[in-house]
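Just below is one structure, and these are the notes that go with it.
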Amino acid sequence: MFINDLLTGTPAAPFALSLAFSGAVVIASVIPLGAARSQADFTLADMKAPRAMFDRLPDWGKRASWAHQNSFEAFTLHAPAALLALITALQVGGLQGLAVPAALLQPVLRLIYLPAYVANVPPLRGLCWAGALLCTGILYIEGVKALLAS
């Protein structure tokens, strides 16, 4: 019941949740990177230049580093789209079409993307990447359409 209340509390709720969950995915991307660094004997001396230890990471750890960096890139595209949708929903009372499913699906796809990248499963990684990017694009399109229609 609590999740249903979160999703339907206001027309803007799914977009706020999308923004929050997308940020949580960026934070979650630190977990495999931290595991890889610990396996590469990360020490306090590495804090001077943590990227310099990249060559010591195992192959899966290098992919974890790339997935972590890509999570930030995806977030910088998705956050403005989610904010546009959120603000538009507050002004016009909701968005039509695929906006809500896209908003909720994007962080799920990005969360699946992380282990797919680290485990080196390119087809799944590619589908999750493309699907999440499409979801972000849908939010931009639906947000602008709703603003122009109001």
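The values are calculated or read from the model by the stated rules, or taken from the named source; none is laboratory data. Every value quoted in this text rests on a predicted model; they were computed, and no experiment measured them. Positions of Cβ are backbone-derived with ideal geometry, glycine not excepted, and every protein chain shown enters the neighbour counts.
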Item checked: Boolean, residue 148 is free of Cβ contacts under 8 Å to residues at least 60 places away in the same chain, among the aliphatic types (A, V, I, L, M) and either within 25 Å of residue 31 (Cα to Cα) or in contact with a Ser or Thr (Cβ under 8 Å, 6 or more places away or on another chain) (or both) -> no
Note to self: Which pairs turn up if I take residues in the stretch 47-75 that are over 22 Å from residue 109 (Cβ atoms) and look for partners that are surrounded by 20 or more Cβ atoms within 10 Å (Cβ to Cβ) and not charged (D, E, K, R) with beta carbon separation below 6 Å, at least 6 apart in sequence or on another chain?
What the structure shows: 57/36; 61/36
Note to self: Criterion first (without any contact (Cβ under 8 Å) to a residue 24 or more places away in the chain and crowded, with 19+ Cβ neighbours inside 10 Å) does residue 99 satisfy it?
What the structure shows: no
Note to self: Restricting to the stretch 68-113, count the residues that are more than 17 Å from residue 136 (Cβ to Cβ) and not β-branched (Val, Ile, Thr).
What the structure shows: 7
Note to self: Which pairs turn up if I take residues in the stretch 13-31 that are over 21 Å from residue 115 (Cα atoms) and look for partners that are in a helix (DSSP H, G or I) and not aliphatic (A, V, I, L, M) with beta carbon separation below 9 Å, at least 6 apart in sequence or on another chain?
What the structure shows: 13/5; 14/8; 14/101; 15/88; 15/143; 17/107
Checklist line | Boolean, residue 22 is surrounded by 12 or more Cβ atoms within 10 Å (Cβ to Cβ) and among the polar types (S, T, N, Q) | finding: yes
Next item on the list: Could you list all residues from the stretch 50-83 that are closer than 14 Å to residue 119 by Cα and part of a helix (DSSP H, G or I)?
Entry: 59, 60, 61, 62, 63, 64, 65, 66, 67, 68
Next item on the list: Return a yes/no flag: does the stretch 37-49 have any residue that is under 28 Å from residue 121 (Cα atoms), outside any loop (DSSP other than H, G, I, E, B), among the aliphatic types (A, V, I, L, M) and modelled with pLDDT under 85.
Entry: no
